[in-house]
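Pasting a structure here, questions to come.
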Amino acid sequence: MTEIPEHLLKRSKDRKQALGLGGDDAADAGGAGGGDGGSNAPVAAAAAPAPKPSPLDKVPAIVDPEPEPPAPEPHYVTAAKERKRMPVFAMLLVATVPIWAMFYAGTMQAPPEGETIFGEAAVLYAEVGCAGCHGAGGAGGVGYKLSDNEVVATFPEPIDMIVHIARGSNAIDGLAYGDPARDGGVRVSGARGGGMPAHPNLTVHDLELIVLHERVTLAGEDTSSEAYQAWIEELEAHSNDALVGDHLDDLLACADPTYTPEATASAEDFKVGDFICPGPHGHGGEEEVAAG
Ligand code: HEC
């Protein structure tokens, strides 16, 4: 039989004691001498009444404690619960407000009509340098004031204005241009000291957009005529990328000699060969409504 080493026995005993399993001598004695009769009984009895603590006592209770009855809700919680709530779809709508606001703000500077090309036109007017001489808002500077209908008074038709800008004023130095019956007298090129440079490198399309910007956005021209609306739609749909410098003769053929020195008015149905005259084809309401 193997001897259990003394130190192991001691350790076991200590362990039992630690667990409250009665590793003490008295209990041992009681246990060992269980059948010895009376002499040990008082000891056993003395030990017995103290109910042996169960090792389970040391284990945390697994059974959930009795659930406490819910404390009565504070009145404000009840009120909050009963209050009508924003439905989810409405929250989503609210979440999109900033996005909508951005787009809406974008439309605030929207042009009167024709939408996008007016924005493009405004950018061109600034980028090409017109604004440097005529003012960002067309109030004038080195060049004439364009706003408040001024430019429309000089050029009742966009085509004559287009030719004037393309050719510049030095080419017609000393000659009258624009409406001969203009309020305050007819314009004479060079009368203002410095002339306006020619703009041969603009495309026909860009020059049309710039003219549209000056006349409609800056000068406030009425665009309600059919011919004017058709022009705006045409500008939105197509782009004539020919350079005005390559088509000065064609432009002169489209223009009216009453307003444009050296114009030939030889275009037929607003065409010079393949070249389609820029500007509205007939200024609705006025005498030049397109024939046929
Ligand atoms: C360097 C300055 C300068 C620049 C740049 C310039 N202009 Fe001018 N513009 C003038 C001057 C000066 C006149 C008057 C010329 C004259 O009568 O001799 C004039 C005249 C005009 C007129 C005639 C106005 C009227 O009522 O008689 C129009 C329209 C015009 N400019 C449009 C434009 C446009 C569009 C651009 C840009 C593509 C432009 N200008 C760029 C200086 C400039």
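The values are calculated or read from the model by the stated rules, or taken from the named source; none is laboratory data. Everything quoted here is computed from the prediction, not taken from an experiment. Please note: Cβ atoms are built from the backbone with ideal geometry, for glycine as well, and neighbour counts cover all protein chains shown.
Yes/no per residue for (1) more than 44 Å from the chain's Cα centre (by Cα); (2) charged (D, E, K, R); (3) farther than 14 Å from Glu157 by Cα:
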residue: Leu175; (1), (2), (3): yes, no, yes
residue: Gly195; (1), (2), (3): no, no, yes
residue: Ala198; (1), (2), (3): no, no, yes
residue: Glu208; (1), (2), (3): no, yes, no
residue: Ser224; (1), (2), (3): no, no, yes
residue: Tyr228; (1), (2), (3): no, no, no
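Kindly check whether there is at least one residue in region 166-185 that is more than 10 Å from the ligand (Cβ to nearest atom) and buried (at least 21 other Cβ atoms within 10 Å of the Cβ).
Yes, that holds for at least one residue.
For every residue, the table says whether it meets (1) at pLDDT 95 or above; (2) among the β-branched types (Val, Ile, Thr); (3) over 25 Å from Ala265 (Cβ atoms).
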| position | (1), (2), (3) |
| --- | --- |
| Gly129 | no, no, yes |
| Cys133 | no, no, yes |
| Gly178 | yes, no, no |
| Asp183 | no, no, no |
| Ala198 | yes, no, no |
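If I ask for residues that are outside any helix (DSSP H, G or I) and within 6 Å of the ligand (Cβ to nearest atom), which ones from region 125-141 would you list?
So the first thing to find is which residues in region 125-141 are outside any helix (DSSP H, G or I), and the list is 129, 135-141.
Residue satisfying the conditions is Gly129 alone.
Now a separate question. Without any contact (Cβ under 8 Å) to a residue 40 or more places away in the chain and either more than 6 Å from the ligand (Cβ to nearest atom) or of a type outside the set (Phe, Trp, Tyr) (or both): does that describe Ala122?
Details: without any contact (Cβ under 8 Å) to a residue 40 or more places away in the chain: no; either more than 6 Å from the ligand (Cβ to nearest atom) or of a type outside the set (Phe, Trp, Tyr) (or both): yes.
No, not satisfied.
From the list Glu236, Glu221, exactly one residue is within 21 Å of Lys145 (Cα to Cα) and in contact with a helix residue (DSSP H, G or I) (Cβ under 8 Å, 6 or more places away or on another chain). Which is it?
Glu221
While we're on this one: Phe275 is checked against (1) more than 16 Å from Leu209 (Cβ to Cβ); (2) modelled with pLDDT under 95 and fails just one. What number does that condition carry?
The number of the failed condition is (2).
Does Ser266 satisfy being modelled with pLDDT under 95, among the small types (Gly, Ala, Ser), in contact with a helix residue (DSSP H, G or I) (Cβ under 7 Å, 6 or more places away or on another chain) and away from the ligand (no atom under 16 Å from the Cβ)?
No; evaluated as a whole, the condition is false for this residue.
Continuing with this model, one more query. Identify, by number, the condition in (1) more than 6 Å from the ligand (Cβ to nearest atom); (2) within 18 Å of Ala131 (Cα to Cα) that Gly193 doesn't meet.
Among (1) more than 6 Å from the ligand (Cβ to nearest atom); (2) within 18 Å of Ala131 (Cα to Cα), the lone unmet condition for Gly193 is (2).
Also: Which one is nearest to Tyr228 (Cα to Cα), of the residues in region 142-165 that are assigned to a helix (DSSP H, G or I) and of a type in the set (Val, Ile, Thr)?
Of region 142-165, the ones assigned to a helix (DSSP H, G or I) are 150-154, 158-165.
Okay, now just the ones that are also of a type in the set (Val, Ile, Thr), so 151-152, 154, 159, 162-163, 165.
Working: Val151: 17, Val152: 14, Thr154: 18, Ile159: 12, Ile162: 15, Val163: 18, Ile165: 20 Å.
Among residues in region 142-165 that are assigned to a helix (DSSP H, G or I) and of a type in the set (Val, Ile, Thr), the one nearest to Tyr228 (Cα to Cα) is Ile159.
A further question on this structure: Could you tell me whether Ala237 is more than 29 Å from Ala139 (Cα to Cα) and at pLDDT 95 or above?
For Ala237, the condition - more than 29 Å from Ala139 (Cα to Cα) and at pLDDT 95 or above - is not met.
Considering (1) modelled with pLDDT under 75; (2) within 16 Å of the ligand (Cβ to nearest atom); (3) among the hydroxyl-bearing types (Ser, Thr, Tyr), say which one Tyr144 fails and leave the rest.
Among (1) modelled with pLDDT under 75; (2) within 16 Å of the ligand (Cβ to nearest atom); (3) among the hydroxyl-bearing types (Ser, Thr, Tyr), Tyr144 violates only (1).
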